[in-house]
Each structure stands twice: as structure tokens, then as C-alpha cells.
Amino acid sequence: MSKMTPQEMAQKIGSGLLSFPVTPFKADYSFDEATYRANMDWLCGYDVAGLFAAGGTGEFFSLTPTEVPQVVKIAVDETKGRVPVLAGTGYGTAIAREIAVGAEKAGADGLLLLPPYLTHSEQEGLAAHVEAVCASVKIGVIVYNRDNAILQPDTLARLAERCPNLVGYKDGIGDIELMTRVYTKLGDRLTYVGGLPTAETFALPYLDMGVTTYSSAVFNFVPEFATSFYAAVRKRDHAAIHAGLKDFILPLIAIRNRKKGYAVSIIKAGMKVIGRDSGPVRPPLTDLTEQEIAELTALVKKLPAARSSQQAAE
């Protein structure tokens, strides 16, 4: 059970960079516990404010409801309280509650509530879904505004009144007007997290809207770059930000955009590039081609800090 209150967890994650560790798999797609432990321990050595076990980049969608708490428990055990560990939960309301309860028992400090599976619904239904998950646990909950789960400001405000442990809002759609209306409506009642794919591209403008942190997938394999980029964002160092975007983030996005699902696959490929091979992605995702991995390798090698990551893995 987490020793942090929901409010303490929210304050902590809002103070720095966040990351979503990959979930390593063996060649037969079974969970690779040893590699996961090694990766979590390594990532804790960097300046990170929170790690999201079994999140989107951790292939939550391919894990079973039984596997999620197992992955979370290993993350909690391996981090040893050095950073907050949050768990993904989602699907329909009953399954989301079941996973949430399991994650809390496994020691998670908080939850990221991903959109319900496939179905579209009205604000009333989405609110009932969020409230049910919040009521099932005592730990803090962050709602992920994305795809088929777009909560409007009035809905969020009512949920904030009814659910004391609803402490965060993660934006995954990039609607600046909606983000502004949400922040204006709720102010510091929630902690705001940037959650667009390759969030670095939106980090600076979102900072000016009250979004003090974001989830960095690339932190998995280039943590030095990710943390220095985040520091530049917080300092509003435009020159450093634009250099990072031009030299690394935008070329990486060019590879990522070639095929559907590559937002996750490219991170798994990055782990392989730095010598921390975390296996394949589970179907229905597909791995990068050898040519694309070669392109990613060349891109990573251009980063001055990349050498230390590769050496650490050897």
C-alpha cells in the first residue's frame, strides 16, 4: 500500500519529468521480469518524478488484468520508494476497477485511467466510469483525456467535487482551447500532465498553460537527453529546446510516423539500440524493420550523452 496521499503524489509528479517504462517481453511474448527489474533500477538513477508501470508505452493494452498488478508489484519492489510508481488501468468499468484494486494492493502510488475500451459515450457515462474507479481505491487517480474519453471542464469540476482522490488530468489530444478552459475552471485543484505522443514537441507552449510536466517516452533509452530537454523547457531556454527538437525529436517522429503503432515500437527499438534489449512488442503492434533500427541507431549516436547510456548497459 502506498504511503503517499493522493495530494502528495500529485505534487511530486508535477515537480519533474515523468516516464512510462517499456514492459520487456521474451521472444515468446512472455514477461521478462529480470530485464524489467534491471531497467527500473537503471531509470531510477536519473532525475525523474514518477514512473508509470504498465502504461501506454508499457503496452498496457496487451497485458492481461492479471499481469498488470504483477508488473506493478515488481516496479514497486525494484524502485524501493525512490520515485512514485503509478499504474495504468482501463477497459470497461468493471475491469478498470479490478485492475485498480490489484494495482493498489501491489503498492502503486497512483493510477492513470486510460480511455474505456472502444465504446463512445456521453459525459454522464464517462463521469460515472471515472467516479467508479476513484471510489474503488484510496490512491490518487489521473484521468487521461484522449480518443473516446474527452471530459469537458464542467464534468471534470463535478468529478473533482465528488472524488477527492481525482488529482490529475493528462491531456492526449492537443486541443489548446480545451486545455485552457480546463485549467481556468479547475486551477490548482488538479496536476496537469502533457500526454501527447512525443510530448516534447508540445512541452513549451503547454508549460505556459499550467502543464508543468509531461510523459517522456524517449526517457526509456536516452534519459540524459530527456532530462536535459525537460530542464530547458522549465527554464524556457528556446535555443536548447529548438536544437533538441531539430536534432533528435523531429527526426525520431519522422520514423515513428511511418507505420501505425510505432509510437510504442520505436521506444522498444531504442532500448535495443542502447544495449538494453527489452524484446519485441506484442501483437497487434509490429516491430521496426532492421533498416529503421539502423536509422534510429545513427540518430542516437549523434547525441553526446548517448554514449554513457550505452556504456552503462555493457
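Coordinate-derived values only; no laboratory data. In this text, all values refer to a predicted model and were calculated from it rather than measured experimentally. Virtual Cβ from ideal backbone geometry, glycine too; neighbours counted across all protein chains shown.
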Can you give me the orientation-averaged projected area of the convex hull built on the Cα atoms of the stretch 162-314, in nm²? 10.6
Any idea what the alpha-carbon Rg over 2.2 N^0.38 Å comes to for the stretch 115-244? 1.11
Using just the alpha carbons, could you tell me how many Å³ per residue the convex hull of the stretch 6-234 encloses? 107
Where both partners of a DSSP beta bridge lie in the chain, what percent of those bridges are antiparallel, to the nearest 5? 5
Where only alpha carbons of the stretch 1-94 are counted, the Rg and the Dmax (Å): 13.1, 40
Show me the GluC sites (Glu not before Pro) within the stretch 115-185 that DSSP assigns to loop and that have at most 12 other Cβ atoms within 10 Å of their Cβ. GLU122
Do any cysteines in the chain lack another Cys Cβ under 4.7 Å, and if so which? CYS44
Rounded to the nearest 0.05, what FRET efficiency is calculated for GLN7 and ARG258 with R0 set to 45 Å and r the Cβ-Cβ distance? 0.60
For the stretch 64-156, evaluate the Debye formula with one uniform point scatterer on each Cα (no solvent term) and list log10 I(q)/I(0) at q = 0.15, 0.24, 0.25 Å⁻¹, rounded to two decimals. -0.54, -1.16, -1.23
Percent relative contact order for the chain, counting Cα pairs under 8 Å at least six residues apart, stands at 18
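Find, among the trypsin sites (Lys or Arg not before Pro) in the stretch 78-128, those assigned to loop by DSSP (not H, G, I, E, B) with at most 15 other beta-carbon atoms within 10 angstrom.
Working: sites: LYS80, ARG82, ARG97, LYS105; in loops: LYS80, ARG82.
Passing sites in the stretch 78-128 are LYS80, ARG82.
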Considering only Cα-Cα distances, which of the following residue pairs are longer than 24 Å: LYS3/LYS105; LYS3/LYS73; LYS185/LYS235; LYS272/LYS301; LYS80/LYS105? LYS185/LYS235
For the stretch 118-195, what D do you get in µm² per second when you plug the Kirkwood radius from alpha-carbon pairs into Stokes-Einstein at 4 °C and 1.567 mPa s? 104
Phi to ³J(HN,Hα) by Karplus 6.51 cos²θ - 1.76 cosθ + 1.60 over the stretch 179-195, Hz, x for Gly, Pro: 4, 5, 5, 5, 5, 5, 6, 10, x, 8, 5, 10, 9, 9, 10, x, x
Can you give the longest stretch of the chain with no exposed loop site, where a site means chymotrypsin sites (Phe, Trp or Tyr not before Pro) in a DSSP loop (not H, G, I, E or B) with at most 14 other C-beta atoms within 10 Å? 118-314
Taking amide H positions as placed 1.01 Å from N in the peptide plane, with prolines and chain starts having none, which residues 5 or more places from VAL141, or on another chain, fall under 5 Å of its amide H? LEU111, LEU166, VAL167, GLY168
